[in-house]
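Step one of this worksheet: look at the structure below.
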Amino acid sequence: MGDKILRILKEIVGDEYASADEAVLYPYSFDLTWAKPRMPDYVVLPNTVEDIQRILRLANRERIPVVPYVSGTNIGGLCIPENGGIIMDLKRMNKIIEINTETGYVVVEPGVTHAQLSAALKKEGFTFSWPVGPPAASVLACAINCGIGHLASKFGINAENISSMEVVLPTGEVAKIGSCAFSDSWHSLWPLPQLAGLFIGWLGTTGIVTKLGVWIYDIPPFIKVETVATDNVEDMARWQRAIRRTYVPLDVTAVSWWLAQVPIPHPYVEKPKDAPEWYCFNVLTAWTEKQMDAYVDLFNKIVKEEQQRGSSVRPYPYPEEALKGRTQLPSRIVGTTKNYCGSGVAGLSWPGTFTPASNWPPLYHEWKTILIKHHFSPAVRLTNFQGAHYGMMRAFVPFDKRKVGDPNLRIKGIDNQENARQALLECVEAGVKYGMIPYKPPVDFWSILNRKADPGFISLLTKVKDMLDPNGIMNPGKLGVR
Amino acid sequence: MARLSELEKLRNVIYTCTHCGNCKYFYNWGEKENLFGRNCPSGNYFYFDSYYGSRARSAAAKGLLEGKLEWSEPLVQALFACTTCAACAQQCEVDFKDWIIRTMETLRREAVKAGVGPIARQKAFGEWTLKEHNPYMEKHVDRLAWLPKDIRQKLPETAEYLYFVGCTSSYRQKNIALATTKLLLKLGVDFTISDDEWCCGSPHLRTGQWDIAQEVARHNAELVDRVGAKKVITTCAGCYRTLLADYQQEPPHGYSDILNVGFNKPVIHTIQLIEELIRKGKIELGEYPKKVTYHDPCHLGRHMAPIQGREACYEAPRNVLKSIPKIEFVEMERSREWAWCCGSGGGVKSGFPEMAIQTAVERIKEAESIGAEVLTSVCPFCWRNLDDAIKMTGSNMKMLDITEILLEIVK
Ligand SMILES: Cc1cc2nc3c(=O)[nH]c(=O)nc-3n(C[C@H](O)[C@H](O)[C@H](O)COP(=O)(O)OP(=O)(O)OC[C@H]3O[C@@H](n4cnc5c(N)ncnc54)[C@H](O)[C@@H]3O)c2cc1C
């Protein structure tokens, strides 16, 4: 059986692009998170849409799971095969197909990285919403899984910037979605029925997205990062709501003292008494100096108004390396996990993130208690999305992946990985009470989420999944229900 | 020898690799432009994650340490198909960074200990080195065959510098050995050459054949004393790294823990001496009206800049080229710490010749794309592979060591 599948895979992609060797499979069996390592049976590197169609037809015929993969940096164990099968590594498909600066979109293949696209766009004076994540990760995989970038406060999450797509269905058919279904222009998903929704937020369980159009934005000539601090999360959340009214900053992100350190202190250390607990950077951009001056005035006015209301908010310098890591994006500092894992020893996970802004303060207090109990720093981030109708709240948890009993373990005498898992599950339990929905969730989170979910939602979800993927071959298990 | 004893020593640094994958491409943020490019020769050639960057090798190390991976032919292939060019280390920002090359070479050491490595042709050059002190299957007595008698007679018994020629220049890139010798003579440098030089041990350190490296290192350390030279000069980036870092420095940058030869003589690259002489106004150069670019050898650049500084390792060759009248010096996009490897290091030229040449072809195309007529470098091993690629692609570009250009124009 194994040999037959491998032979066909090799026929499809060429001998050198499919393997079932343990040594080749092994790096695909784990990621940064606590997700239990599991081996795939094959890895295959397609180069064309036709290759993908043929692989999916084979997988359907033989009922073999297929896990789409580009860099595996999703921090959710999403590319670790629950039941073996084929890792479909898409990194060879790495063409930027179109940069349309007139209409303002690009079309990319799955293997295009943030680093690659950022270099190409900057030459044209354009940008996209870069995550504070690995530059080597996929633009497409990030966007279709509701990833978020540095423009999210103004332009929404990356999924909201998708303008068209091409997909291969689990059964092998190809479909174009959005304007590209009708012309060569990849400018818009609207005003059509939102079929793109069948592939956004599904964690690779409904098909392979082979091309993606996303909106791009001009880089304004004037950029200023104004930073403030507060003594408590209540004042910070209020600041973020106050500044949102202006719709001016591209990015309004607050981080707790622990997340502003590079690296995050691990195990937990107390914050110095005189240091503010929260820092916020507000990225102002303008097309003229005058416009920038007006924005700075506006910013200062809001600071004053907040102070008059009794807020502890005040202009405050942000730690330099941390600021670079959050504004010079995509960033090697954060992307290579220096800030997160320098102290963690190989493991990184997070709970979060989409949470109503009104509930950030109470949830932060609960998370702080949980995280400190488990010896973690409460390294929490709050970001406005689209103003702040909703926003991100997430805690970064670096942890030690070495085995129990290792004399060098960061937290002595306990299973550090299991400790991290427990802490995060408790954070998710706490979060769902406050309307938090984790993004790119590990399987473990689904068990908590799906308990709370509307039965109608689960039923519709499974119906859609079964319709698209009748044999359940696409990344099985990752939705918690299928 | 205990199983994985060498790898065990690195366990804690290996576990600082988070598997984030940023080692897989070059990337750097810039005010005006962001740099992006391919950086990993083996990943670029084999594509699977098991071949990509330091993340692949740290994964293999963790797999072996945790008993989840067994030695196998594909594992050995993946471990040895790395030029150890350190481009992944350049990208890495976590504590693993400085230890990446040592980890890769330690993995190979473990493969050798387990009897599954190195690759057959690497093993053959190791065995040959024990007999004839070079990895080129040549006779030791022929080591100085490139050196004309009249020049040999001029060289003193003892001198300030011992010119450590290296095996590649002695047996293959004799043009570089000769150019260096003639140039040093022309410049009045007090140097000599020994017919008892042995391979520096670089190919053996890179391929896990550490016991062979120990033997040659011991010999060479004694040789420098025997010759009575105060310093060593070399035109080979590989020998430079080995004599200066591996013989003399503690890990992670050197192998003094393994070689233990107590060698502590200054070692300089010829290009560094020449730059100094130019700076002091001691060399007059004629014109060289050609469009020239420079390829950074990994062993001079990424491997040594963290210890010797950027000036010595990246700028010295550039300063020399830029000081030549009428030269049009052009820079490839991937240069200095972001240079694409020539493809021959780490035992790859002998173990994976096809990958080596394809890697060099990519560099040739990059140099051609900026209109270079002449591709220069300061490493005979890079010279060999890049020139092979020039010939293979039918490129009109000419490969020259900087010493070859200088010999033509020094007045
Ligand atoms: C330190 C760190 C910080 C991070 N910060 C951020 C951040 O600020 N914002 C953010 O959004 N993310 C962040 N991430 C997460 C991650 O980097 C992004 O989500 C990334 O863009 C995913 O790309 P990838 O190539 O790693 O995708 P993968 O992990 O390979 O894939 C992600 C998911 O997409 C599926 N998939 C992949 N390709 C396809 C396809 N063609 N069709 C269908 N499904 C597919 C996979 O099966 C998987 O479920 C961070 C990660 C790290 C390590």
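Summary of computed values
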{"item": "Identity of the residue in region B:62-78, more than 7 Å from every other protein chain (Cβ to nearest Cβ) and under 24 Å from the mean Cα position of the chain (by Cα), that ends up nearest to the ligand (Cβ to nearest atom)", "result": "B:Gln77"}
{"item": "The one condition in (1) within 30 Å of A:Ala346 (Cβ to Cβ); (2) assigned to a helix (DSSP H, G or I); (3) within 12 Å of the ligand (Cβ to nearest atom) that A:Thr33 fails to fulfil", "result": "(2)"}
{"item": "Residue list for region B:24-56, filter: assigned to a helix (DSSP H, G or I), facing another protein chain (nearest Cβ under 8 Å) and touching a residue at least 40 places away in the same chain (Cβ under 8 Å)", "result": "B:Lys24, B:Phe46"}
{"item": "Qualifying position, being in contact with a Ser or Thr (Cβ under 9 Å, 6 or more places away or on another chain), more than 13 Å from the ligand (Cβ to nearest atom) and at pLDDT 95 or above, among A:Thr230, A:Thr171", "result": "A:Thr230"}
{"item": "Residue list for region A:223-240, restricted to those being in contact with a helix residue (DSSP H, G or I) (Cβ under 6 Å, 6 or more places away or on another chain), among the aliphatic types (A, V, I, L, M) and farther than 11 Å from A:Val283 by Cα", "result": "A:Val233, A:Ala237"}
{"item": "Yes/no for B:Glu8 being farther than 29 Å from B:Ala360 by Cβ, over 22 Å from the mean Cα position of the chain (by Cα) and either touching a residue at least 12 places away in the same chain (Cβ under 8 Å) or surrounded by fewer than 19 Cβ atoms within 10 Å (Cβ to Cβ) (or both)", "result": "yes"}
{"item": "Any hit, region A:387-396, residues being at pLDDT 95 or above, touching a Leu at 6+ places or on another chain (Cβ under 8 Å) and not in a strand (DSSP E or B)", "result": "no"}
{"item": "Filter result for A:Ala395 (closer than 16 Å to A:Pro438 by Cα, crowded, with 24+ Cβ neighbours inside 10 Å, in the same structural domain as A:Leu425 (by TED's automatic domain parsing) and in contact (Cβ under 8 Å) with a residue 12 or more places away in the chain)", "result": "yes"}
{"item": "Output for region B:250-308, where each listed residue is assigned by TED's automatic domain parsing to the domain that holds B:Thr180 and among the aromatic types (Phe, Trp, Tyr)", "result": "B:Tyr255, B:Phe263"}
{"item": "Residues of region A:104-116 that turn out to be under 17 Å from A:Ala159 (Cα atoms) and over 17 Å from the mean Cα position of the chain (by Cα), as a count", "result": "6"}
{"item": "Scan of region B:218-257 for residues that are surrounded by 19 or more Cβ atoms within 10 Å (Cβ to Cβ), free of Cβ contacts under 8 Å to residues at least 60 places away in the same chain and either assigned to a helix (DSSP H, G or I) or at positive phi (or both), ordered by number", "result": "B:Asn220, B:Ala221, B:Thr242, B:Asp246, B:Ser256"}
{"item": "Residue within region A:2-19 that is more than 14 Å from the ligand (Cβ to nearest atom), at pLDDT below 95 and out of contact with any strand residue (DSSP E or B) (no Cβ under 6 Å at 6 or more places or on another chain) present", "result": "yes"}
{"item": "Members of region A:122-154 that are within 12 Å of another protein chain (Cβ to nearest Cβ), closer than 18 Å to B:His19 by Cβ and not aliphatic (A, V, I, L, M)", "result": "A:Gly133, A:Pro134, A:Pro135, A:Ser138"}
{"item": "Qualifying residues in region B:12-23 (those that are part of a helix (DSSP H, G or I) and surrounded by fewer than 24 Cβ atoms within 10 Å (Cβ to Cβ)) - the one farthest from the other protein chains (Cβ to nearest Cβ)", "result": "B:Val13"}
{"item": "Number of the condition not met by B:Glu337 [criteria: (1) under 25 Å from B:Asn28 (Cβ atoms); (2) buried (at least 24 other Cβ atoms within 10 Å of the Cβ)]", "result": "(2)"}
{"item": "Selected residue (criterion: farthest from the ligand (Cβ to nearest atom)) from residues of region A:114-133 that are free of Cβ contacts under 8 Å to residues at least 24 places away in the same chain and either closer than 19 Å to A:Ala254 by Cα or of a type outside the set (A, V, I, L, M, F, W, C) (or both)", "result": "A:Lys123"}
{"item": "Wholly enclosed helices (runs of 4 or more DSSP H) of region B:112-204 bearing at least 2 residues under 20 Å from B:Gln272 (Cβ atoms) and of a type outside the set (Lys, Arg)", "result": "B:167-171, B:174-186"}
{"item": "Single residue of A:Gly197, A:Gly213 found to be surrounded by fewer than 23 Cβ atoms within 10 Å (Cβ to Cβ), within 16 Å of the ligand (Cβ to nearest atom) and not charged (D, E, K, R)", "result": "A:Gly197"}
{"item": "Meets criteria (of a type in the set (Ser, Thr, Tyr), farther than 25 Å from A:Asn384 by Cβ and outside any helix (DSSP H, G or I)) for A:Ser129", "result": "no"}
{"item": "Qualifying residue in region A:99-108 (condition: buried (at least 23 other Cβ atoms within 10 Å of the Cβ), modelled with pLDDT of 95 or more and near the ligand (Cβ under 10 Å from one of its atoms))", "result": "no"}
{"item": "Index of the failed condition, A:Lys176 passing every other in (1) touching a helix residue (DSSP H, G or I) at 6+ places or on another chain (Cβ under 9 Å); (2) closer than 24 Å to A:His114 by Cα; (3) within 16 Å of the ligand (Cβ to nearest atom); (4) among the charged types (D, E, K, R)", "result": "(1)"}
{"item": "Matching residues, region A:29-86, being within 12 Å of chain B (Cβ to nearest Cβ) and more than 21 Å from the chain's Cα centre (by Cα)", "result": "A:Arg38, A:Met39, A:Pro40, A:Tyr42, A:Val43, A:Val44, A:Leu45, A:Pro46, A:Asn47"}
{"item": "Number of positions in region B:205-239 that are within 23 Å of B:Pro156 (Cβ to Cβ) and among the hydroxyl-bearing types (Ser, Thr, Tyr)", "result": "2"}
{"item": "Options A:Ala143, A:Ala136: the member that is within 14 Å of the ligand (Cβ to nearest atom), crowded, with 24+ Cβ neighbours inside 10 Å and part of a helix (DSSP H, G or I)", "result": "A:Ala143"}
{"item": "First in region A:144-157 and over 11 Å from A:Val252 (Cα atoms) and of a type in the set (S, T, N, Q), second anywhere and within 12 Å of the ligand (Cβ to nearest atom) and not in a loop (DSSP other than H, G, I, E, B), Cβ under 8 Å, 6 or more apart", "result": "A:Asn145/A:Ala159"}
{"item": "Residue within region A:248-267 that is loosely packed, with under 14 Cβ neighbours inside 10 Å and within 23 Å of A:Ser358 (Cα to Cα) present", "result": "no"}
{"item": "Residue in region B:355-364 that is touching a Leu at 6+ places or on another chain (Cβ under 8 Å) and of a type in the set (A, V, I, L, M) present", "result": "yes"}
{"item": "Any hit, region B:31-46, residues being of a type in the set (D, E, K, R), buried (at least 23 other Cβ atoms within 10 Å of the Cβ) and not assigned by TED's automatic domain parsing to the domain that holds B:Asp246", "result": "no"}
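The values are calculated or read from the model by the stated rules, or taken from the named source; none is laboratory data. Since the structure is predicted, the reported quantities are computational estimates derived from the model, not experimental observations. Neighbour counts are summed over all protein chains in view; Cβ atoms, including those assigned to glycine, are modelled from backbone coordinates with ideal geometry.
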